[in-house]
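Report on the structure given below.
The values are calculated or read from the model by the stated rules, or taken from the named source; none is laboratory data. Everything quoted here is computed from the prediction, not taken from an experiment. Note that we place each Cβ from the backbone using ideal geometry, even for glycine, and neighbour counts take in every protein chain shown.
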């Protein structure tokens with residue numbers, strides 16, 4: 001694994017754990033839970049942008065948030081789901097599709 005990507009992963013996990021602490025309090029209200037979910041989505045946005053830059057994907061390749069992440073409802077443990085949209089000439093730059 002690229003050292004930069006490994007560092008990004010470690011920092012993401014630390015920041016995610018700090019944000020998720022807000023859900024572990026007995027007094028967590030619906031409003032505070034929504035705030036935590038939005039913060040987790042924004043944190044994931046920030047780190048995916050950094051990963052995308054570090055990976056060297058061509059500018060024509062788009063990462064699109066889907067599911068709970070796309071709705072800014074990233075419940076812990078977050079499983080960030082993204083689609084990688086590639087023009088035909090850049091298909092080799094995209095990760096392979098996962099078989100069903």
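Checking each residue in the stretch 60-80 for being modelled with pLDDT under 75, surrounded by fewer than 14 Cβ atoms within 10 Å (Cβ to Cβ) and under 15 Å from residue 48 (Cα atoms) picks out only 79.
Give the residue that is nearest to residue 71 (Cα to Cα), with candidates limited to residues of the stretch 21-35 that are part of a helix (DSSP H, G or I), without any contact (Cβ under 8 Å) to a residue 12 or more places away in the chain and in contact with a helix residue (DSSP H, G or I) (Cβ under 7 Å, 6 or more places away or on another chain).
Per the criteria, the residue is 33.
Is it true that some residue in the stretch 7-20 is under 30 Å from residue 87 (Cβ atoms) and without any contact (Cβ under 8 Å) to a residue 12 or more places away in the chain? Scanning the stretch 7-20, I find at least one residue that is under 30 Å from residue 87 (Cβ atoms) and without any contact (Cβ under 8 Å) to a residue 12 or more places away in the chain, so the answer is yes. Looking across the stretch 12-36, the residues that are closer than 11 Å to residue 47 by Cβ and either modelled with pLDDT under 80 or surrounded by 13 or more Cβ atoms within 10 Å (Cβ to Cβ) (or both) come down to 12, 15, 16.
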